[in-house]
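Note sheet for the following structure.
Coordinate-derived values only; no laboratory data. Note that the structure is a prediction, hence the values are computed from the model and not measured. For neighbour counting, all protein chains shown are included, and Cβ atoms are generated from backbone atoms with ideal geometry for every residue, glycine included.
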Amino acid sequence: MYAFLAWLQTHAEGLPEHRIANIFEPRSTPGDMERHIANLTLGITGIIFVVVGGLIVYTIWRFRRKPGDDSRQEPPQVYGSNQIEIAWTVIPILIVFILIGVSARVIAAIQNASPPHSTLKIRLIGHQWWWEVEYPDFKVKTANEIHVPVNADGHTATYLQLESLDVIHSFWVPQIAGKTDLIPNRVNYMWIDPKEAGIFFGNCAEYCGTQHANMLLRLVVQPQNEFNAWVAQQAQPAEANPVDPGVAQGKNMFESLACVNCHRVQGTTATGVFGPDLTHLMSRQTIGAGVLPMNHQNLRDWVNDPQNAKPGCFMPSMKLTDAELDQVVSYLESLR
Ligand code: CUA
């Protein structure tokens with residue numbers, strides 16, 4: 001049911017979604033280069049598998065027990081062949097060095113590539129268990145969804161600055177690029193240039209605590225004009241004085257609660273930084289870094305008790321009454 005709702009949600013955006021994160025169908029330059037190493041490695045190890053497996057099968061068959069064999073008689077014992085020992089030492093060393101060399105070349109090519117002129121900068125910060133996404137040039141903060149323009153002209157890339165606020169996480173959108181870790185007290189960089197519009201699914205690829213598996217990520221690749229519209233919309237602050245009396249009441253309720261210690265709503269007194277920025281909460285497709293599709297009932301259930309959908313997460317249940325819950329949710333739903 002949730003999957004179906006999520007499906008409806010993503011199709012509403014009009015972008016094809018790539019739910020199967022297949023590294024053999026890369027849609028970005030780094031992913032493409034890494035696929036070549038994967039193919040080479042699979043090719044070499046495939047040949048080793050066939051040779052070794054074939055020799056084992058051949059030996060079992062060739063030297064099987066035949067009628068009339070004397071079971072007490074030892075087979076001829078052979079040891080100490082210099083040629084064979086040198087061969088099975090040198091060949092694997094050569095194979096290992098070929099793979100190291102090819103991998104090092106691709107890693108260097110990706111790392112040393114200078115990003116094209118029109119490069120979007122994004123700061124991605126790992127938290128237990130969600131992704132903070134910041135667009136420093138636009139003063140935009142969002143969470144768990146990275147919007148980037150498609151590389152239609154061959155000169156558009158996105159440069160990611162990866163950091164962590166707590167433990168080691170790892171950024172991985174398999175169709176776009178290999179994994180890069182987000183490490184506390186260290187800044188890592190990577191770049192991507194998705195060549196096709198669509199929604200690409202990713203996740204945290206480094207065990208980071210109880211909800212590691214629910215640290216999901218969507219990369220929304222949009223045509224440049226749609227991305228521009230999105231980022232302009234995200235840069236807008238929330239309404240300081242909502243006209244709708246229900247929403248105004250909900251805003252007061254929200255601001256009177258501990259919500260504001262962790263969440264920011266730009267343009268209001270909510271300035272927390274520990275949890276996701278909620279300024280444009282309703283523009284996102286999921287709640288809780290991918291655990292629930294965004295809709296009224298899920299949002300209400302989530303605020304009522306986040307521990308139910310995401311046990312161990314750092315958002316507590318505020319123990320609100322039904323009426324308070326309705327007010328807070330009606331305010332959150334005004335954050336578009
Ligand atoms: Cu973050 Cu695993």
Handout entry: Principal-axis tilt of helix 224-235 within the chain, Cα atoms, nearest 10 degrees
Key = 50
Exercise for the section: May I have the count of lysine pairs in the chain with C-alpha atoms under 21 Å apart, counting pairs 8 or more residues apart or located on different chains? Expected result: 8
Problem - chymotrypsin sites (Phe, Trp or Tyr not before Pro), loop per DSSP, at most 16 other Cβ atoms within 10 Å - longest free stretch of the chain - result: 139-206
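Which whole-number percent is the relative contact order of the range 38-169 (Cα, under 8 Å, 6+ apart)? Let's see the in-between values first.
Numbers: 97 pairs, mean separation 26.1, N = 132.
In percent, rounded to a whole number, it is 20.
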Practice task
Compare 229, 157, 21 in a GNM of the chain, Cα atoms joined below 10 Å, and give the one with the largest fluctuation.
Solution key: 229
Practice task
Starting at the first residue of the range 321-332, write each ³J(HN,Hα) from the Karplus equation 6.51 cos²θ - 1.76 cosθ + 1.60 with θ = phi - 60°, in whole Hz, x for Gly and Pro.
Solution key: 6, 4, 5, 5, 4, 4, 5, 4, 5, 5, 5, 4
Fill in the blank from the handout: CD proxy, 222 nm, the chain: helix-only mean residue ellipticity via -39,500 (n - 2.57) per DSSP H run with n ≥ 4, per residue, nearest 500, stands at -12500 deg cm²/dmol
Handout entry: Nearest-ten-degree value, helix 82-112 long axis tilted from longest Cα axis of the chain
Key = 20
Practice task
Using amide H atoms built 1.01 Å from N in the peptide plane, name the residues 5+ places from residue 204, or on other chains, whose amide H lies under 5 Å from its own.
Solution key: 215
Completion exercise
Phi angles of the range 14-27, converted by Karplus (6.51 cos²θ - 1.76 cosθ + 1.60, θ = phi - 60°) into ³J(HN,Hα) in whole Hz with x for Gly and Pro, give x, 10, x, 10, 10, 6, 8, 7, 8, 5, 8, 10, x, 10
Fill in the blank from the handout: Out of 47, 199, 23, a Gaussian network model of the chain with alpha-carbon springs under 10 Å gives the largest mean-square fluctuation to 47
Fill in the blank from the handout: Per DSSP, the loop-located trypsin sites (Lys or Arg not before Pro) within the range 123-173 having at most 14 other beta carbons within 10 Å are 139
Practice task
List the residues whose amide H sits under 5 Å from the amide H of residue 129, counting only those 5 or more places along or on another chain, with H placed 1.01 Å from N in the peptide plane.
Solution key: 314
Practice task
Determine the shape class of the range 245-332: with a ≥ b ≥ c the square roots of the Cα gyration tensor eigenvalues, call it rounded for a/c under 1.5, and otherwise prolate if a/b is greater than b/c, oblate otherwise.
Solution key: rounded
Practice task
Please build a GNM for the chain, connecting alpha carbons under 10 Å apart, and tell me which residue among 214, 298, 82 fluctuates the most.
Solution key: 82
Completion exercise
Residue by residue through the range 271-276, the couplings from Karplus 6.51 cos²θ - 1.76 cosθ + 1.60 with θ = phi - 60°, in Hz, x for Gly and Pro, are 10, x, 10, 6, x, x
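Under the definition of Cα pairs under 8 Å and six or more residues apart, what whole-number percent is the relative contact order of the range 93-189? Mind showing how you got there, number by number?
Numbers: 147 pairs, mean separation 23.2, N = 97.
The value is 24 percent.
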Practice task
For residue 275, list long-range residues whose amide hydrogen, built 1.01 Å from N in the peptide plane, is under 5 Å from its own amide hydrogen.
Solution key: 263
